[in-house]
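See structure below.
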Amino acid sequence: IATSSVGLIDIDPIANTYRTINGGVYGDGVSVSPDGLTAYVELACGIQSFDIATGVAGFSTGNISGCADGTGVISSSNSLNGDIVINTNGDGVWLYDIVTGSLKQIISESGERGDYVSPDTSNGTLFLAESTLVARLSCGPNCAIGSSLPPPVDTVPEPMTLGLFGAG
């Protein structure tokens with residue numbers, strides 16, 4: 001999913017084709033929800049959601065202090081699932097709760113320009129490039145940014161494993 005000169009598009013790199021999702025969307029900082037159904041696009045310093053199948057606009061965060069730019073979406077088994085991490089061009093990093101519509105600053109960086117964001121799907125972190133630093137943002141165990149969750153770690157041994165320990 002990307003923005004282009006024809007609007008918000010869904011690219012098929014195998015077929016070398018694309019489908020226009022919404023021809024009137026010319027934004028920046030596109031991310032996709034964990035379920036693959038919603039695109040989040042930076043528009044006018046805020047984040048706007050769009051249904052990928054229909055192109056219909058959903059919620060908008062409105063203008064975010066520092067002007068929203070890059071985003072990443074959290075996949076988690078906890079209350080952060082679906083929340084959007086928003087890197088701004090001058091006022092740090094914010095977290096938007098899509099259920100409550102609340103917005104809170106999680107990293108304060110007065111004056112930094114947060115120009116680039118990319119999920120690292122190999123480890124579930126969000127790569128943030130700022131004017132004076134490069135950082136990785138993690139959301140903790142059983143949580144990932146920009147990718148599906150890894151299978152949960154089973155901390156209780158299966159009965160057969162316990163039997164093997166006893167035999168040893």
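Using the per-residue mean of other Cβ atoms lying within 10 Å as a proxy for protection, in what order, highest first, do the peptides 134-143, 38-47 fall?
38-47, 134-143
Report P(r) for region 7-55: all Cα-Cα distances, bin width 10 Å, range 0 to the bin holding the largest distance, values in whole percent.
Calculated P(r), rounded to whole percents: 27, 55, 17, 1.
What do you get for Rg/Rh over region 1-109 if you use C-alpha atoms and the Kirkwood form of Rh?
0.98
Values quoted throughout were computed directly from the atomic coordinates according to the rules given, and no laboratory measurement underlies them. All figures in this text were calculated on a predicted structure; none of them were measured in a lab. Positions of Cβ are backbone-derived with ideal geometry, glycine not excepted, and every protein chain shown enters the neighbour counts.
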